[in-house]
Amino acid sequence: MKIYNTQTRQKEEFKPVEPGKVKLYACGPTVYNYFHIGNARTFMFFDVVRRYLEYAGYEVTFVQNITDIDDKIINQSITENVPASDVAERYTKAFFEDTAKLGLRPTTYAPKATEYIGKMIGFIRELEKNGFAYEADGDVYFSVDKLDNYGSLSGKNIDDQMVGARIQENKQKKNPLDFTLWKRSKPGEPTWNSPWGEGRPGWHTECVVMSRDLLGETFDIHGGAIDLVFPHHENEQAQAYAQNGKPLANYWMHGGFLNMSGEKMSKSLGNFFTTRDVLEKFDPEVVRLFFLSKHYRSPIDYSPELLEESKSGVANFYDALEFIDFLKIQNPGGKFGKYAQKYYDEFKEAMDDDFNTAKAIAILFELTRKIKSLEIPSDIRNEYAHALVEIGSVLGFFSDLEKKLAKDDLSGKLVEMMIEYRVLFKKEKNYTMADRIRNDLADIGIELLDTKDGTIWKSKRK
């Protein structure tokens, strides 16, 4: 298995810290509003990473944090004239509701920043003792000049960054690039006691403390969207090195943006759709197919037209399974039948190559074509169908398979009766009546498919 590591800017063979186990951290939401569909792309990708690692035999500990104290939350609380904790609680609940609708599995841990304030204060004090932090009028800053490898994750030239930083220079800082570890609270804001006075921790400190507490000093994979590389992840890594000289994570993974007309989708730009809004129009599996059809590091342009194409793609999966009446068949080849083995191997090869879901999705479509090919014997098509479901399930599809393929008993019996009448009419060479049955069923959304094994039927998907 190879993973593209942002730290080294190349694919590297994956070697976990502890054999057979993977410790994964992906940055979660700041809960001041409903998360937009661009955020959903990142959340869904790391859900797939976790699923595939487990499929590959690893024991995965997956942590995704909740940032429940932040300037954005405070500003929203002022707008709504409610306590910041109420805002955070409401949108935390909404986050879990919407990720569940998306089909994301619950993470192993979902720590909240406010649960770790004491440990964050202790961590900042360690940075002070090590000479990497200084206090100025109740604020505490990290001194980037003290860290030799600052900028190594993002590859940014610090001198170039200094030019831009001076434009909005904070006179309290020794260096314009120094970042906040502890922020003095303004009147009326949420606050905690600390050695430096009333305040709250900085965002970059929150993540490094929570991830290390749950996953260890150096864990396997840290991930997020590409916009988190700098300054957020750079500053997390800096604090880890400053505290004990060890990297925070061995592999840094970053996903591409979901764009709107070529521009990054974001709340600050106002060019976004919430995940909640999108899920009112499209099934979660449609959204999943839309995202996974591209490699995670590639940008995607949000497009209702492309989502409609994905809708047809998902319908095609289920149509293929209905075509062979999947719920009634056993896998003739066992878990890895000799005909389907090729596709399992190709799937593993694709996912082991930096989680190439685009190639994996292509395998699903190829299997779908094979299942619907009447030139292939039914037992082999059945084997392909089991491969489709197993591989698709690793990617997060088919979680509600029985419900989606279930046919109403009474309706099913009536359709089966009409099929029997059609067979009798054809035997009597009364093709007018046989065609009328086919056409009448088609008018109410029932499609008949004549195969070498007899006639089967399926509902046309909307």
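Summary of values
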{"item": "Selected residue [at pLDDT 95 or above, assigned to a strand (DSSP E or B) and of a type in the set (S, T, N, Q)] from Thr8, Thr61, Thr42", "result": "Thr61"}
{"item": "Single condition Arg41 does not satisfy, out of (1) charged (D, E, K, R); (2) touching a residue at least 12 places away in the same chain (Cβ under 8 Å); (3) surrounded by fewer than 22 Cβ atoms within 10 Å (Cβ to Cβ)", "result": "(3)"}
{"item": "Subset of the stretch 275-309 [surrounded by fewer than 23 Cβ atoms within 10 Å (Cβ to Cβ), among the hydroxyl-bearing types (Ser, Thr, Tyr) and either modelled with pLDDT of 95 or more or in contact with a Cys (Cβ under 9 Å, 6 or more places away or on another chain) (or both)]", "result": "Ser293, Ser298"}
{"item": "Residue in the stretch 54-64 that is among the hydroxyl-bearing types (Ser, Thr, Tyr) and open to solvent by less than 20 Å² (accessible area, probe 1.4 Å) present", "result": "no"}
{"item": "Residue within the stretch 289-309 that is of a type in the set (A, V, I, L, M, F, W, C), touching a helix residue (DSSP H, G or I) at 6+ places or on another chain (Cβ under 6 Å) and not in a helix (DSSP H, G or I) present", "result": "no"}
{"item": "Verdict on Met260 being of a type in the set (A, V, I, L, M) and open to solvent by 20 Å² or more (accessible area, probe 1.4 Å)", "result": "yes"}
{"item": "Asp325 charged (D, E, K, R) and under 30 Å from Leu448 (Cβ atoms)", "result": "yes"}
{"item": "Selection count where residues are closer than 19 Å to Ile456 by Cβ and either basic (Lys, Arg) or outside any helix (DSSP H, G or I) (or both), scope the stretch 416-443", "result": "4"}
{"item": "The stretch 196-247 - residue that is among the basic types (Lys, Arg) and not in a helix (DSSP H, G or I) and, of those, least open to solvent (accessible area, probe 1.4 Å)", "result": "Arg200"}
{"item": "Test: Lys348 is open to solvent by 70 Å² or more (accessible area, probe 1.4 Å), part of a helix (DSSP H, G or I), closer than 30 Å to Asn5 by Cα and of a type in the set (D, E, K, R)", "result": "yes"}
{"item": "Test: Glu383 is of a type in the set (Asp, Glu), open to solvent by less than 20 Å² (accessible area, probe 1.4 Å), at pLDDT 90 or above and within 17 Å of Asp325 (Cα to Cα)", "result": "yes"}
{"item": "Residue identified as within 26 Å of Phe45 (Cβ to Cβ) and either at pLDDT below 95 or over 19 Å from the mean Cα position of the chain (by Cα) (or both) among Ser143, Ser152", "result": "Ser152"}
{"item": "Residues located in the stretch 311-345, provided they are of a type outside the set (Lys, Arg), free of Cβ contacts under 8 Å to residues at least 60 places away in the same chain and in a helix (DSSP H, G or I)", "result": "Ser312, Gly313, Asn316, Gln341, Tyr343, Tyr344, Asp345"}
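The values are calculated or read from the model by the stated rules, or taken from the named source; none is laboratory data. Values in this document were obtained by computation on a predicted structure and should not be read as measured data. With ideal geometry, Cβ positions are generated from the backbone for all residues, glycine too; neighbour counts draw on all protein chains shown. Note: accessible area is taken over every heavy atom of the protein model, side chains too, but ligands, DNA and RNA are not part of it. Shrake-Rupley method; radii C 1.70, N 1.55, O 1.52, S 1.80 Å.
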